[in-house]
Each structure stands twice: as structure tokens, then as C-alpha cells.
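Here the structure comes first, spelled out in C-alpha cells, and everything after it is commentary.
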Amino acid sequence: MALRATGVLRMRIDGSHNGYNMYGPSVSKTAHMDGSSPTFSAKKVASIEKWAKYKEDYHLRFKYTPKVVYNTILWGILVPIGAYYVVRSESMNRERENGRPNTKYFG
């Protein structure tokens, strides 16, 4: 779909685009002269609001299950410790191959 130059020229500075704004009037981005705050005319979608509420309140429904405990132990303890020992042993092997003394790490 090609963009017509006349469509670009018809766009208003406030972003309402002369009828292309499907969600109500354009948003007032600055405070009004009487000190009131700007109004937003975004249309809420019920399913998205429900999903957002579910995601926001997840900490209230969280429960420790065997799967959560297993994943915590695996990814929070075993994998980092295993990665440390693999990197340390490779570093020590490389130092030994190059004739340097072993570096003392955490033990």
C-alpha cells in the first residue's frame, strides 16, 4: 500500500489526522490553563485489562510447589556452581599448558 503525499499533507499537527483517529479526540499533552491535568481518551479493552490485573497480582497467588523448588535449586544453585567449576578447571588447565602457576580462586 503506497503512502500518498496528500495523506501526509492532511495530517494535523495535534495528531488527530482528520478522521483517522478511531479512539476519540486527541490527547491533550500539557496541563490546561486552569491547572487541571490532561485527559486521556484511550479505550480500554476488557480482556487486556483482565490479563494486566492477573500479571500485577501474581505475587499474591504464588505458591511453592515441587516444580518451583526444583527449578530454583537447579537454575539458582546447581547451574551457577557447575558453570564456575567448569570455567575454573578450564582456566587451570590452560595455565598449566602455558607453564604458569595455578591461580587460587575461591578454594
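Only helices (runs of 4 or more DSSP H) whose full extent lies in the range 1-93 are considered here, and the ones with at least 2 residues that are at pLDDT 70 or above and either farther than 30 Å from Phe106 by Cβ or in contact with an Asp or Glu (Cβ under 8 Å, 6 or more places away or on another chain) (or both) are 46-56, 58-61, 66-73. If you go through the range 56-75 and keep only what is surrounded by fewer than 10 Cβ atoms within 10 Å (Cβ to Cβ) and not acidic (Asp, Glu), you end up with Tyr58, His59, Leu60, Arg61, Phe62, Lys63, Tyr64, Thr65, Pro66, Lys67.
The values are calculated or read from the model by the stated rules, or taken from the named source; none is laboratory data. Just so you know, these numbers come straight off a predicted model, no measurement behind them. Cβ sites come from the backbone with ideal geometry, for glycine too, and all protein chains shown count toward neighbours.
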